[in-house]
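S.K.: For reference, the structure I am asking about is given below.
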Amino acid sequence: MTEDVMPGTGVLAFYCPVCRMETMHNVAGQKGQVYALACTVCRNGSLISAEQMRRCRERWEEELKEIIAHLDSPGN
Ligand SMILES: [Zn+2]
């Protein structure tokens, strides 16, 4: 059995309409194809589809790779 995301675990960069910027969200729960996210800054709740969720995670993982790449190569 492979679960993509376990409810209550993991964080995700997602646009928060309250903060008006991309913030880290806790994955608070899942119901069918809908995930509940909670902004870690203002605690606003957002519902997104599994499809949106996957795109967000892919984008976030891309950003992490870039950050790590920058860390690996000392820029100057
Ligand atoms: Zn927020």
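The values are calculated or read from the model by the stated rules, or taken from the named source; none is laboratory data. Source: prediction; values computed, not measured. So basically every Cβ, Gly included, is an ideal-geometry build from the backbone, and we count neighbours across all protein chains shown.
S.K.: With respect to Leu64, determine if the residue is outside any helix (DSSP H, G or I), hydrophobic (A, V, I, L, M, F, W, C) and surrounded by 11 or more Cβ atoms within 10 Å (Cβ to Cβ).
M.R.: On the way: outside any helix (DSSP H, G or I): no; hydrophobic (A, V, I, L, M, F, W, C): yes; surrounded by 11 or more Cβ atoms within 10 Å (Cβ to Cβ): yes.
No: the conditions fail for Leu64.
S.K.: Can you give me the number of residues within segment 9-37 that are farther than 14 Å from Gln52 by Cα and in a loop (DSSP other than H, G, I, E, B)?
M.R.: Residues that pass the stated criteria total 6.
S.K.: Which residue is farthest from the chain's Cα centre (by Cα), if the candidates are limited to segment 31-66 and must be of a type in the set (A, V, I, L, M), closer than 14 Å to Ala13 by Cα and more than 16 Å from the ligand (Cβ to nearest atom)? Explain how you work it out, then say what you get.
M.R.: At the first step, the residues of segment 31-66 found to be of a type in the set (A, V, I, L, M) are 34, 36-38, 41, 47-48, 50, 53, 64.
If we keep only those that are closer than 14 Å to Ala13 by Cα as well, we get 36-38, 41, 47-48, 53, 64.
Remaining after also requiring more than 16 Å from the ligand (Cβ to nearest atom): 53, 64.
On the way: Met53: 7, Leu64: 12 Å.
Restricting to residues being of a type in the set (A, V, I, L, M), closer than 14 Å to Ala13 by Cα and more than 16 Å from the ligand (Cβ to nearest atom), the top hit is Leu64.
S.K.: Could you grab the pairs with beta carbons closer than 8 Å, sequence gap of 6+ or different chains, first residue in segment 59-76 and modelled with pLDDT under 85, second one not in a loop (DSSP other than H, G, I, E, B)?
M.R.: Here the result reads Trp60/Leu12; Trp60/Ala13, each pair linking segment 59-76 to a residue that is not in a loop (DSSP other than H, G, I, E, B).
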